[in-house]
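Written out below as structure tokens is the structure these notes cover.
The values are calculated or read from the model by the stated rules, or taken from the named source; none is laboratory data. Keep in mind the model is a prediction, meaning the values are calculated, not measured. With ideal geometry, Cβ positions are generated from the backbone for all residues, glycine too; neighbour counts draw on all protein chains shown.
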């Protein structure tokens, strides 16, 4: 069984079908690009993999475990997720947010400082998130997603709001995580800027995977 | 990763946010002050009548004041997309419910103490002989309101008319809290013994809704 497996997964939001019979397997150590136009189902697919959205039909398996089953809760600790929001509390500082997330995920505080320094958040670590620029919020959200060195990292448009230097640093970080054996799934438009060399490209259209192959 | 440590982390974070922003607590405190001040004008002046009306009025004021705070239980999560953090907690999400409901209990007990003080000042209610039973009713009432309120507030997070939906769902379900708490408070103020059955039913009601919240929160938090 692959590390990440989806079998005939569909997701309906009322009359709208966001995902249609998606079947997918991903092995460890892969940098995968989810491409597609707006509304193609990229974010929904990431949310299903991140256990944020329960599929209407089909089966999801992460590292051999169903993350939606009562016994599968622990596997959520191996998944890092960054959606289109930073998913942080505006009235808490970055350090307080990261400390809270570390406590939720059972991650040691040393990891928090390592990631904060890797993403160069040191100067703003004690500032409240609502006072920060969009770029810093995005980096803080990334730091939050990276806590605990997740084996599966799900990123939705991670380069949005980052300057070119931060974007390149993120690209290098994703490649390094892939080389360390993690699965990195990135939803991004073709126009998102300088994208890394992906191992695989999945193209979604109207909730279906219409192309799956090596990235050009 | 233990569920209890997740519940403690959520509890501590909610209290920190409550004390740092003071929005929720401040709004509830001012609302209670205004309503009790108005009541002091319209409630009959005789001490006997005030004593007879006070328990029911106290709990109606507490219900409406609590609603104001409970409706904002998930505001900090919805504003920054932070709900995803709670949904992704690698434990049974019932523990997240316990943490959030616990923080709501603390906030509601604070509001109850404040409102009790306002009743003393504006309506001459004397708690000296009744404080033990009133505190017991307050704790059980806060637990009942907080458990139901947290659950229903989470259910209405993604709903357009949540300010309308929450009271519509909450009021019929918390009727037993209102009846039991005001009966116990009334008996205590009149220096009558409180039947043990009332305490038992109250504790059972709370236990049912805390357990229900714990069990269904897993589904409530997901899309």
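Among the residues making up region B:56-71, those that are crowded, with 19+ Cβ neighbours inside 10 Å and under 23 Å from residue B:165 (Cα atoms) are B:59, B:61, B:62, B:63, B:65, B:66, B:67, B:69, B:70, B:71.
Please verify whether residue B:99 is modelled with pLDDT of 95 or more and more than 14 Å from the chain's Cα centre (by Cα), treating the condition exactly as stated.
Details: modelled with pLDDT of 95 or more: yes; more than 14 Å from the chain's Cα centre (by Cα): yes.
Yes; evaluated as a whole, the condition is true for this residue.
Going by the structure shown, is residue A:153 modelled with pLDDT of 90 or more, touching a helix residue (DSSP H, G or I) at 6+ places or on another chain (Cβ under 9 Å) and away from every other protein chain (no Cβ under 11 Å)? Considered against the rule, which asks whether it is modelled with pLDDT of 90 or more, touching a helix residue (DSSP H, G or I) at 6+ places or on another chain (Cβ under 9 Å) and away from every other protein chain (no Cβ under 11 Å), residue A:153 comes out as yes. Quick check on region B:118-130. Is at least one of its residues surrounded by 20 or more Cβ atoms within 10 Å (Cβ to Cβ), touching a helix residue (DSSP H, G or I) at 6+ places or on another chain (Cβ under 8 Å) and modelled with pLDDT of 95 or more? Within region B:118-130 (the criterion being surrounded by 20 or more Cβ atoms within 10 Å (Cβ to Cβ), touching a helix residue (DSSP H, G or I) at 6+ places or on another chain (Cβ under 8 Å) and modelled with pLDDT of 95 or more), the answer is yes, since at least one residue qualifies.
Is it the case that some residue within region A:12-22 is within 9 Å of chain B (Cβ to nearest Cβ), assigned to a helix (DSSP H, G or I), more than 19 Å from the chain's Cα centre (by Cα) and surrounded by fewer than 21 Cβ atoms within 10 Å (Cβ to Cβ)? Please lay out each step first, then the result.
Restricting attention to region A:12-22, the residues satisfying the condition of being within 9 Å of chain B (Cβ to nearest Cβ) are A:13.
Then drop every residue that is not assigned to a helix (DSSP H, G or I), which leaves none.
No, region A:12-22 has no match at all.
Count, please, the residues in region B:22-55 that happen to be within 14 Å of another protein chain (Cβ to nearest Cβ) and either over 30 Å from residue A:92 (Cα atoms) or surrounded by 15 or more Cβ atoms within 10 Å (Cβ to Cβ) (or both). Qualifying residue count, region B:22-55: 3.
Answer with yes or no whether residue B:94 is within 14 Å of chain A (Cβ to nearest Cβ) and over 22 Å from residue A:145 (Cα atoms).
Numbers: within 14 Å of chain A (Cβ to nearest Cβ): yes; over 22 Å from residue A:145 (Cα atoms): yes.
So residue B:94 fits the description; yes.
The set of residues in region B:206-219 being surrounded by fewer than 21 Cβ atoms within 10 Å (Cβ to Cβ) and away from chain A (no Cβ under 14 Å) consists of B:207, B:208, B:211, B:212.
Consider region A:106-129 and keep the residues that are within 12 Å of chain B (Cβ to nearest Cβ) and within 24 Å of residue B:20 (Cα to Cα). The one that is nearest to the chain's Cα centre (by Cα) is A:129. Which one of these does residue A:48 not meet: (1) outside any loop (DSSP other than H, G, I, E, B); (2) in contact with a helix residue (DSSP H, G or I) (Cβ under 9 Å, 6 or more places away or on another chain); (3) surrounded by 22 or more Cβ atoms within 10 Å (Cβ to Cβ)? Status for residue A:48: all satisfied but (2). Quick one: would you say residue A:41 is more than 11 Å from chain B (Cβ to nearest Cβ), farther than 18 Å from residue A:153 by Cβ and at pLDDT 95 or above? In short, no. Among the residues of region A:66-91, those that are more than 9 Å from chain B (Cβ to nearest Cβ) and surrounded by fewer than 18 Cβ atoms within 10 Å (Cβ to Cβ) comprise A:66, A:69, A:71.
The residue that is surrounded by the fewest Cβ atoms within 10 Å (Cβ to Cβ), among those in region B:4-21 that are more than 9 Å from every other protein chain (Cβ to nearest Cβ) and under 24 Å from residue B:94 (Cα atoms), is B:4. If you check B:80, B:94, which single one turns out to be free of Cβ contacts under 8 Å to residues at least 12 places away in the same chain and on the phi < 0 side of the Ramachandran plot? None of the other options fit; the residue is B:80. Consider region B:76-91 and keep the residues that are modelled with pLDDT under 90 and over 24 Å from the mean Cα position of the chain (by Cα). The one that is nearest to the other protein chains (Cβ to nearest Cβ) is B:81.
Test residue A:193 against the criterion of being over 23 Å from residue B:86 (Cα atoms), part of a loop (DSSP other than H, G, I, E, B) and modelled with pLDDT of 90 or more, and give yes or no. Before the answer, list the steps.
On the way: over 23 Å from residue B:86 (Cα atoms): yes; part of a loop (DSSP other than H, G, I, E, B): yes; modelled with pLDDT of 90 or more: no.
Judged against the criteria, residue A:193 is not a match.
Six or more apart or on different chains, Cβ atoms under 6 Å: show the pairs whose first residue is in region A:50-65 and within 11 Å of chain B (Cβ to nearest Cβ) and whose second is crowded, with 16+ Cβ neighbours inside 10 Å and part of a loop (DSSP other than H, G, I, E, B). Close Cβ pairs satisfying both conditions: A:51/A:67; A:54/A:68.
Scanning region A:123-144 for residues that are buried (at least 21 other Cβ atoms within 10 Å of the Cβ) and over 16 Å from residue A:161 (Cα atoms) yields a single hit, A:144.
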